[in-house]
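The next block holds one structure in the form of structure tokens; read it before the comments.
The values are calculated or read from the model by the stated rules, or taken from the named source; none is laboratory data. These figures come from a predicted structure and were not determined experimentally. Cβ sites come from the backbone with ideal geometry, for glycine too, and all protein chains shown count toward neighbours. When the accessible area is computed, the model is the full protein with side chains, heavy atoms only, and any ligands, DNA or RNA have been set aside. Shrake-Rupley method; radii C 1.70, N 1.55, O 1.52, S 1.80 Å.
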Amino acid sequence: MSQTSLADFFSPDYATARRRFREAATRRGWKLSAYPIAELGPAGEELTIDVAVSPGSSGEQALAVSGGVHGVEGFLGSAVQLSLLERERLVDTDLANIRVVLIHGFNPYGFAWLRRTNENNVDLNRNFHRDPADFLGAPPAYAQLDSLLNPSGAPRRWELFPLKLAPAVLRHGFDGLRRIIVEGQHEFPQGLFFGGSEPQLSRTIFAEHLDQWLGGASDVAHLDLHTGLGRWGECQLLCDYLPSPLQRRRLQRAYGAVGVDLLDAEHLPYLPRGGFGAWCAARPNRNYLYACAEFGTYSGYQMLCGMRRENQLHRFASDAPVTHPVKRRIKELYCPSSIEWRRRTVECAGRLVDGAVRMLAELGDEGAR
Ligand SMILES: [Zn+2]
């Protein structure tokens, strides 16, 4: 496939991405399901989580590829899924015995409205607590940063955010500050990294249908695609749980062989509270090998500024169109317009899928012995 055509898998908006995903899955003869959420998109369109499952695969192994847990990050997830649906060899030969499940637009509201969070300003990757008692609290230092991170007024042309942030950086260090901000909080519903006060609809849909999508597969390789963390165009795999030693060896071998490093809960610079991966990995009766694939875009500081400003706009001008400069900026931050970035990330995600398929094939061979 040519370099340019890899970038062509990116769609300009949620509605186009959804249509292309559904059309490609239908052409393949995959089983399609659409799960609506009670919200509409910018053009009044229906918002759904769309799931495509490969046909005739009753195997013991399943590959799941999800995107858009963080709404606006769904452009890459959608492009990768479309590229997989167009890949003749992968779909028809390698995966004959592997069930493939593609979950498109996990957070369709955020995807359509160019937000990281969902219709309730919830960060879905902070919403997967298993104990209801955990939907409480915030890191103590977050409360001190709230007025800085989540200003109580409409965006102004000039703000002194960098100056105001400097004392916090001096006090906590950059890594410490990042941990305080991004671990997740449940006390500031309009703030950044709000994990919600209860399970959200996207989580409920996923939890209710996962067993049906995966069928009887005992081994699951799940790649959850994200953008915005790490160096420009580079990928790293993050596991917000502790795999067993055997699982860790398998994951590291599978993805190391395609040139991507994997960090588990012991080595992550911070651990999200209520993370999606930890919930998936705890599924009973399955060897569930989850990895969040993060593709770097802009610097951590640029991401924080963009997120903060978009959240401020949403809070004080919720009717702002998706063409607003602040919205265009957040889209660029999570889905750079650079052809090179787009080509490189889709190509790398394709290699990750190859690694996952090889890992599943090995597991299948071991099971057959
Ligand atoms: Zn993300």
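This table checks each residue for (1) on the phi < 0 side of the Ramachandran plot; (2) buried (at least 18 other Cβ atoms within 10 Å of the Cβ); (3) in a loop (DSSP other than H, G, I, E, B); (4) over 17 Å from the mean Cα position of the chain (by Cα).
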{"site": "Y270", "(1), (2), (3), (4)": "yes, no, yes, no"}
{"site": "G277", "(1), (2), (3), (4)": "yes, yes, no, no"}
{"site": "Y290", "(1), (2), (3), (4)": "yes, yes, no, no"}
{"site": "Q312", "(1), (2), (3), (4)": "yes, yes, no, yes"}
{"site": "D319", "(1), (2), (3), (4)": "yes, no, yes, yes"}
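Scan segment 115-151 for residues that are part of a helix (DSSP H, G or I) and within 16 Å of the ligand (Cβ to nearest atom) and jot them down. Within segment 115-151, L124, N125, R126 qualify.
Considering segment 323-345, the residues that are assigned to a loop (DSSP other than H, G, I, E, B) and open to solvent by less than 40 Å² (accessible area, probe 1.4 Å) include one that is nearest to P42 (Cα to Cα), namely C335. I want to confirm something. Restricting to segment 224-237 and keeping residues that are open to solvent by 50 Å² or more (accessible area, probe 1.4 Å) and within 16 Å of the chain's Cα centre (by Cα), which single residue is farthest from the ligand (Cβ to nearest atom)? Restricting to residues being open to solvent by 50 Å² or more (accessible area, probe 1.4 Å) and within 16 Å of the chain's Cα centre (by Cα), the top hit is E234.
Matching residues to (1) under 30 Å from R99 (Cβ atoms); (2) in contact with a strand residue (DSSP E or B) (Cβ under 7 Å, 6 or more places away or on another chain); (3) at pLDDT 95 or above:
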position: K164; (1), (2), (3): no, no, no
position: P167; (1), (2), (3): no, no, no
position: F188; (1), (2), (3): no, yes, yes
position: G196; (1), (2), (3): no, no, yes
position: R203; (1), (2), (3): yes, no, yes
position: D211; (1), (2), (3): yes, no, yes
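Within segment 238-251, the set of residues being away from the ligand (no atom under 13 Å from the Cβ) and either surrounded by 16 or more Cβ atoms within 10 Å (Cβ to Cβ) or not basic (K, R) (or both) comprises C239, Y241, L242, P243, S244, P245, L246, Q247, R248, R250, L251.
Considering N125, N97, N121, which residue is touching a His at 6+ places or on another chain (Cβ under 9 Å), more than 17 Å from G306 (Cα to Cα) and of a type outside the set (A, V, I, L, M, F, W, C)? Lay out the reasoning, then the answer.
Numbers: N97 fails: touching a His at 6+ places or on another chain (Cβ under 9 Å); N121 fails: more than 17 Å from G306 (Cα to Cα).
So the residue among N125, N97, N121 that is touching a His at 6+ places or on another chain (Cβ under 9 Å), more than 17 Å from G306 (Cα to Cα) and of a type outside the set (A, V, I, L, M, F, W, C) is N125.
Count of segment 274-298 residues, restricted to those that are of a type outside the set (A, V, I, L, M, F, W, C) and away from the ligand (no atom under 16 Å from the Cβ), is 6.
Yes/no matrix, rows are residues, columns are (1) under 27 Å from E340 (Cα atoms); (2) modelled with pLDDT of 95 or more; (3) of a type in the set (S, T, N, Q); (4) touching a Gly at 6+ places or on another chain (Cβ under 9 Å):
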{"position": "A254", "(1), (2), (3), (4)": "yes, yes, no, yes"}
{"position": "D261", "(1), (2), (3), (4)": "yes, no, no, no"}
{"position": "Y270", "(1), (2), (3), (4)": "no, no, no, no"}
{"position": "G275", "(1), (2), (3), (4)": "no, yes, no, yes"}
{"position": "W279", "(1), (2), (3), (4)": "no, yes, no, no"}
{"position": "S318", "(1), (2), (3), (4)": "no, no, yes, no"}
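So which of A221, A207, A154 is on the phi < 0 side of the Ramachandran plot, outside any strand (DSSP E or B) and either in contact (Cβ under 8 Å) with a residue 12 or more places away in the chain or within 16 Å of the ligand (Cβ to nearest atom) (or both)?
On the way: A221 fails: outside any strand (DSSP E or B); A207 fails: either in contact (Cβ under 8 Å) with a residue 12 or more places away in the chain or within 16 Å of the ligand (Cβ to nearest atom) (or both).
Sole residue among the options that is on the phi < 0 side of the Ramachandran plot, outside any strand (DSSP E or B) and either in contact (Cβ under 8 Å) with a residue 12 or more places away in the chain or within 16 Å of the ligand (Cβ to nearest atom) (or both): A154.
Say we look at segment 300-319 and pick out the residues that are out of contact with any Phe, Trp or Tyr (no Cβ under 9 Å at 6 or more places or on another chain) and without any contact (Cβ under 8 Å) to a residue 40 or more places away in the chain; which of these is nearest to the ligand (Cβ to nearest atom)? The residue in question is Q302. Taking strands (runs of 3 or more DSSP E) as the structural unit, those lying wholly within segment 1-105 and holding at least 1 residues that are touching a Gly at 6+ places or on another chain (Cβ under 9 Å), modelled with pLDDT of 95 or more and buried (at least 23 other Cβ atoms within 10 Å of the Cβ) correspond to 46-53, 61-67, 98-104. Apart from one condition, A207 fits all of (1) buried (at least 16 other Cβ atoms within 10 Å of the Cβ); (2) within 14 Å of N127 (Cβ to Cβ); the exception is (1). The set of residues from segment 119-137 being in contact with a Gly (Cβ under 9 Å, 6 or more places away or on another chain) and more than 22 Å from L229 (Cα to Cα) comprises E119, N120, H129, R130, D134, F135.
State which residue is most open to solvent (accessible area, probe 1.4 Å) when the search covers only segment 187-204 and only residues that are within 16 Å of the ligand (Cβ to nearest atom) and within 20 Å of I49 (Cα to Cα). My answer is R203. On inspection, D123 fails the criterion of being surrounded by fewer than 17 Cβ atoms within 10 Å (Cβ to Cβ), at pLDDT 95 or above and not β-branched (V, I, T).
Which of the residues spanning segment 157-188 are in a loop (DSSP other than H, G, I, E, B) and either more than 13 Å from Y142 (Cα to Cα) or of a type in the set (D, E) (or both)?
Let us first name the residues in segment 157-188 that are in a loop (DSSP other than H, G, I, E, B), namely 157-160, 183-184, 186-188.
Result: R157, W158, E159, L160, E183, E187.
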